[in-house]
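Okay, structure first, notes after.
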Amino acid sequence: MTNFFFPSVEVTGRRIGYARVSTADQKLRMQLDGLKAAQCDEIFKDHGISGGKASRPGLDQALKTLRRGDALVVFKLDRLSRSVQHLSDLLVRLGNEGIHFCSLAEGINTTTPGGKLVYHLFAAFAEFQRDVISENTALGLAAARQRGTALGRPPLLSIDVILEGHRAVMQKGDSIREVARRYKVSPTTLTRGFKRAGVECVH
């Protein structure tokens, strides 16, 4: 297992491990053994919590603990998230903050030249997802107008503003309250906007 992690490049900071299982009767042992073999300095756990949950205490604490030069280590990618959108945003956030990432099972290691490509690929995917949402929303509104459908009052936030706010929360780590204040709306309005756009807000 040690061979999966940093075969030739040393991390300047700490190795912070994260493990998760979705149901209470599942065991963390295999993940914990792998993270210990990877010489993690500290390991955070979520037991019996789905990867789609908005609040995961263990992951939240791990993210707060990480500093520039540290590395977040997981046993498998799906332990970090079951949503590709959320996973993409989270990896972009780590890259923006100068934090490395390693997934032992997939052999992903962003301290290596090849591993750095992972951040670029996930960043591109995250933007692609938002572009698709924005385009589909615009096409849907145009089609509704052609059919003569009454659209009612326009929402307080446009779809592009909602997606920009979502990017700020998910990729920059801004709080929903901070982003809502920036757009002069309530946190509830912003959260409803995320739901209307169909984007998760796991932070």
Q) Taking R0 as 22 Å, what's the FRET efficiency between ARG181 and LYS64 from their Cβ-Cβ distance, rounded to 0.05? A) 0.55
Q.
Let me test this: with uniform point scatterers at the alpha carbons of region 2-118, what is the Debye-based log₁₀ I(q)/I(0) at q = 0.09, 0.15, 0.22, 0.23 1/Å?
A. -0.20, -0.59, -1.34, -1.48
(Q) Going by Cα centres, region 75-113 and region 175-192 are how many Å apart? (A) 27
Q) Looking at this model, which pairs from LYS116/LYS195; LYS172/LYS195; LYS45/LYS184; LYS45/LYS172 are more than 25 angstrom apart at the alpha-carbon? A) LYS116/LYS195; LYS45/LYS184
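Values quoted throughout were computed directly from the atomic coordinates according to the rules given, and no laboratory measurement underlies them. Keep in mind the model is a prediction, meaning the values are calculated, not measured. Here Cβ is always computed from backbone atoms with ideal geometry, including for glycine, and neighbour counts include all displayed protein chains.
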